[in-house]
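The values are calculated or read from the model by the stated rules, or taken from the named source; none is laboratory data. Just so it is clear, the model here is predicted, and its values are computed rather than measured. As a convention, Cβ positions derive from the backbone with ideal geometry for all residues, glycine included, and neighbour counts pool all protein chains shown.
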Amino acid sequence: MEHLPTPPGERPGEAEAPLEPPRTATVTATATVDEHGIVTGWDEGARRLLGYEPSQIIGRPATRLLADDAGEAARRAAGHQAAGEDRWNGTVVLRHRDGGRLEQHLLAHRRTPTGGAATEWLLLCAVTSPPPRPENCPQDTPGERGQEEEPGAPRELKEWAFAQSPCTLAVFGTDLRLIAANTGMERALSLTEAEMRGLRLVDIAPHPVGEEIQARMRRVLQDGQPQWTEAFLPAAHAGRADGPESGRPVSLTALRDGAGRLRGVCLTAYQGHAERERMLLNEAGTRIGTTLDIARTAQELTDVAVPRLADFAAVDLLPARGGEAGATALAGPITMRRAAVRSVLEGNPESPVAVGESSTYPALSPVAECLAKDRGALYEMTGPALARWAGQDPGAARLREWGTHSLMVVPLRARGTTLGAALFSRHHNPAPFTPQDLQLAEEVTARAALSIHNARRHTPERTSAMTLQRSLLPRVLPEQAALEIASRYLPADPLAGVGGDWFDVIPLSGARVALVVGDVVGHGIRASATMGRLRTAVRTLADVDLPPDELLTHLDDLVIHLSADEATPEGVPEGAGGIGVTCLYAVYDPVTRRCTLARAGHPPPAVVTPDAAYLLDVPAGPPLGLGGLPFEATETELPEGSLLALYTDGLLERRDHDIDEAFDKMFAGLVRPAHTLDTVCDHVLTATLTHRPDDDIVLLIARTRALSADRVAAWDLQPHPAVVARVRQNAIAQLSTWGLTQAGFITELIVSELVTNAIRYGKPPVQFRMIHHNTTLICEVSDTSSTTPHMRRARFYDEGGRGLLLVAQLADRWGTRHTPTGKTIWAEQIVTPDSE
């Protein structure tokens, strides 16, 4: 048997164990017959098929194996030999050693053994375990009883492969034996699927091309990564590599089942250069320019080009400049930064510089010449241009070291601006680049150049907008005792641009706190600037303690004025509809645990209490800027420890789900157990976002706190001057209870002035209240008069006018807020406990 060739992978010492055992054991039965019809080779598969030992058949006429008319079979074989054909296939009836008849398909290749002068025929067929039982055989072959019948090809693999590729294709199992083939594969090899099933590619096409493709299949099974080659199978009728099908691109991809297990390899042959060009351009259109990230776009270009077009690709970019880069500006040595690189070899060894590093191209190098002439060019490494370049540039010498034989240089140019150059080379693929390859590279590179140009033009604007946006949002949330706060701000996808979403946390008088979330419609610097103006206006209006509905009314007037200021000379506001703004304003009082809210076209807040989770029913006012429509506030009591979630509509905009499902996802994140509010924010964003948001997202989550009764003291006052002394005594006694006696002197003065003014100028009933939380002491006097006191400068002989001036000097903050029944004058001090 030493002269009987063994298929690759079945030779001793050649490990080719499949990653997953096949469902049926399949071997190839192989025999050789010389030109005189004498059997010269007989392997184990042939023994299993017909039962003959090698010693019983080698050296004997092959016609002894035929159960039909031997003369007819010999005439058919002689006819093929006379026609000069190198392959024959057909179905014959063989005679088993036990006397049974066995119908079997045979594939025969005519060949000349190495070192021999005479030709011989290599006969092959696929044998499954157990082999087909011969007809008229009275009993099972010994040792084969109980074996399973040969199953058909797995239907799932066939459906997956045929569904994924419209081209010539075949499916091979993990043992590299053919499972299925479509009509294109049958037509390409002039064999039916049944005739090829169970054979390896080297059995179907015993040619170096078949061996190369099978070796690549083995690599796919090892790492699961796709493989590409330009060497297609030999033509069906020729059996030689120079047939008309030579050079068709072939892809080899792993096929996996629903559980991700590797089940086979799909061989796909594309329809020549035109088909490859179409597929490459389609892939470039979907994969290049997905973001406004310059480095990512450059890498996408190289990823598309390798290995489809080239074995190595690199993108070098010129420094960004304000004006256009014309040809004269690119004369002489050129320094560029390497933005991306990709190779079929691991580690990109062909590149002398890493991504991010700079390289300088001499004036006579192909790169500099192409940039100066503003057109792409093809080069052979043996040409004078590359030889001259290799003598001046270590980068060119590195390309030669790795066997590069063909090079393309294509300038990256878009909208009249030269951005850099793309280099493509081949060293693994033996075929040199053609003019059609250069044209294809220019089309693909043009797509990348346009995306890079847009990114460079957009990046400064986006950076400015992001800087402005970040500077206008609160960097550190203010300390306050009413709420525990956590927030998140997510900018939109770079293609959409920075939006005008904002949030704020504003401490108010009486230990209260205001929460604000707003959204300016649009993107870019204009939206960010408008957001900053509105946020400042909200803080100003909140500082005078306006109720939520009144604050939105004033803000509505401001948006109308801003729209008028941005109107064009024709009187039309810039942008359709002028400035569109939504806003939600909420005020929480930890003393009463009540929250007052109003909204202007904004999504309703979400509330999670210990007993329920729901959207708070806040009357939906119109967006700001429409004018003439009132806003309505609502008030609700929140148990201590409740979660209040305010957000912008970017959180709810989902591409593939409705708004109800988005709310369900949000509540799922809110109610999920978490130790901190930051974790709650992460849960909400994880639950609701499946992609980079198209709009900015603001998420503000607050957990309510309540001031205990022992931190608040209040007294109702009679409108008589004698009450002032008694109030001072009560205040000093309360400070002693709280351990704040060090603040007694200043507190007495503040209490005297506030109570005296309320009794003298206010209307009864009058109430005095003291609040202590953390390091803050608040003194408040309320009455039913709506008259607001004003601080003024008293003249030398004036008897009054110095009270509020004194309060302003003694307190850290003071002010007046209106209530539904009157007003409250308050003053805050920062106090230190007696123990300190």
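Note down all Cβ pairs under 6 Å where the first residue falls in the range 219-239 and is aromatic (Phe, Trp, Tyr), the second is part of a loop (DSSP other than H, G, I, E, B) and modelled with pLDDT under 60, and they're at least six residues apart or on different chains.
Here the result reads Phe232/Glu245, each pair linking the range 219-239 to a residue that is part of a loop (DSSP other than H, G, I, E, B) and modelled with pLDDT under 60.
Sort out for me the strands (runs of 3 or more DSSP E) sitting completely within the range 577-645 that have 1 or more residues that are within 23 Å of Asp660 (Cα to Cα), assigned by TED's automatic domain parsing to the domain that holds Ser563 and out of contact with any Phe, Trp or Tyr (no Cβ under 6 Å at 6 or more places or on another chain).
It comes to 581-589, 594-600, 606-608, 613-615.
Of a type in the set (A, V, I, L, M, F, W, C) and closer than 30 Å to Ala706 by Cα: is that true of Ala613 in this structure?
Working: of a type in the set (A, V, I, L, M, F, W, C): yes; closer than 30 Å to Ala706 by Cα: yes.
It is true that Ala613 is of a type in the set (A, V, I, L, M, F, W, C) and closer than 30 Å to Ala706 by Cα.
Just name the residue that is surrounded by the fewest Cβ atoms within 10 Å (Cβ to Cβ) out of those in the range 528-552 that are part of a loop (DSSP other than H, G, I, E, B) and of a type in the set (A, V, I, L, M).
Ranking the candidates gives Val544 first.
Tell me yes or no: at least one residue of the range 91-106 is at pLDDT 80 or above, loosely packed, with under 14 Cβ neighbours inside 10 Å and closer than 30 Å to Ala215 by Cα.
Yes, the conditions are met somewhere in the range 91-106.
Hey, does the range 696-706 have a residue that's within 17 Å of Gln767 (Cα to Cα) and buried (at least 17 other Cβ atoms within 10 Å of the Cβ)?
No: the range 696-706 contains no residue that is within 17 Å of Gln767 (Cα to Cα) and buried (at least 17 other Cβ atoms within 10 Å of the Cβ).
Filter the range 598-608 for residues that are buried (at least 21 other Cβ atoms within 10 Å of the Cβ) and touching a helix residue (DSSP H, G or I) at 6+ places or on another chain (Cβ under 6 Å); which is farthest from Pro630 (Cα to Cα)?
Pro603
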